[in-house]
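Encoded as structure tokens, the structure appears first; notes follow it.
The values are calculated or read from the model by the stated rules, or taken from the named source; none is laboratory data. These numbers were taken from a predicted model, which means no experiment stands behind them. All Cβ positions, even for glycine, are placed from backbone atoms using ideal geometry, and neighbour counts span all protein chains on display. SASA here: full protein model, heavy atoms, side chains in, ligands and nucleic acids out. Shrake-Rupley method; radii C 1.70, N 1.55, O 1.52, S 1.80 Å.
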Amino acid sequence: QVQLVESGGGLVQAGGSLRLSCAASGSIFSIKAMGWYRQAPGNERELVAAITSGGNTNYADSVKGRFTISGDNAKNPLYLQMSSLKLEDTAVYYCNAIIATMAGGPDYNYWGQGTQVTVSS
């Protein structure tokens with residue numbers, strides 16, 4: 001069993017900063033990739049940033065230059081440093097991970113419960 005728990009969401013003024021964290025626990029052999037997604041009311045869930053085990057990163061155009069995805073050992077915990085926040089960044093942010101629970105075993109996709117980020121004017 002694998003669990004992902006996000007933290008760090010909250011209310012912040014436009015132009016401010018927040019750092020989200022995602023902690024993975026359980027039967028983890030290796031984390032192949034992790035990422036952050038977000039979903040605003042009425043919108044589809046969208047990729048914000050992702051990072052592979054090799055350190056390759058990918059960002060949505062809307063956040064590039066403002067957000068940074070990083071992690072400690074094995075990308076656990078995973079972080080999303082958000083700066084220069086805009087009203088359009090308001091959303092529920094979800095942690096996602098592709099994890100193998102045993103050597104040679106299959107990879108599975110896991111999701112956290114989400115953390116609310118609200119940017120105010």
Close pairs (7 angstrom Cβ cut-off, 6 or more residues apart or separate chains): within 19 Å of GLY15 (Cα to Cα) and in contact (Cβ under 8 Å) with a residue 40 or more places away in the chain in the stretch 60-86, outside any strand (DSSP E or B) and among the small types (Gly, Ala, Ser) anywhere: MET82/SER17; SER83/SER17; SER84/GLY15; LEU85/ALA14; LEU85/GLY15; LEU85/GLY16; LEU85/SER17; LYS86/ALA14
Filtered residue count, the stretch 11-44, keeping only those that are outside any strand (DSSP E or B), β-branched (Val, Ile, Thr) and closer than 20 Å to ALA91 by Cβ: 0
What's the number of the condition GLY55 fails, among (1) over 23 Å from SER120 (Cβ atoms); (2) among the small types (Gly, Ala, Ser); (3) modelled with pLDDT of 95 or more? (3)
Number of the exception - THR52 against (1) of a type outside the set (Gly, Ala, Ser); (2) open to solvent by 60 Å² or more (accessible area, probe 1.4 Å); (3) without any contact (Cβ under 8 Å) to a residue 60 or more places away in the chain; (4) more than 24 Å from LYS86 (Cα to Cα): (2)
Name the residue, out of LYS75, LYS32, that is at pLDDT below 95, open to solvent by less than 70 Å² (accessible area, probe 1.4 Å) and either out of contact with any strand residue (DSSP E or B) (no Cβ under 9 Å at 6 or more places or on another chain) or basic (Lys, Arg) (or both). LYS75
Filtering the stretch 6-29 down to residues that are closer than 23 Å to SER83 by Cβ and hydrophobic (A, V, I, L, M, F, W, C), which residue is surrounded by the fewest Cβ atoms within 10 Å (Cβ to Cβ)? LEU11
Tell me which residues, restricted to the stretch 72-112, are within 14 Å of ARG38 (Cβ to Cβ) and in contact with a Phe, Trp or Tyr (Cβ under 8 Å, 6 or more places away or on another chain). LEU80, MET82, TYR93, TYR94, CYS95, ASN96, TRP111, GLY112
Reported set for the stretch 45-74 where residues are part of a loop (DSSP other than H, G, I, E, B) and either of a type outside the set (S, T, N, Q) or at positive phi (or both) is ARG45, GLY54, GLY55, ALA60, ASP61, VAL63, GLY65, ARG66, ASP72
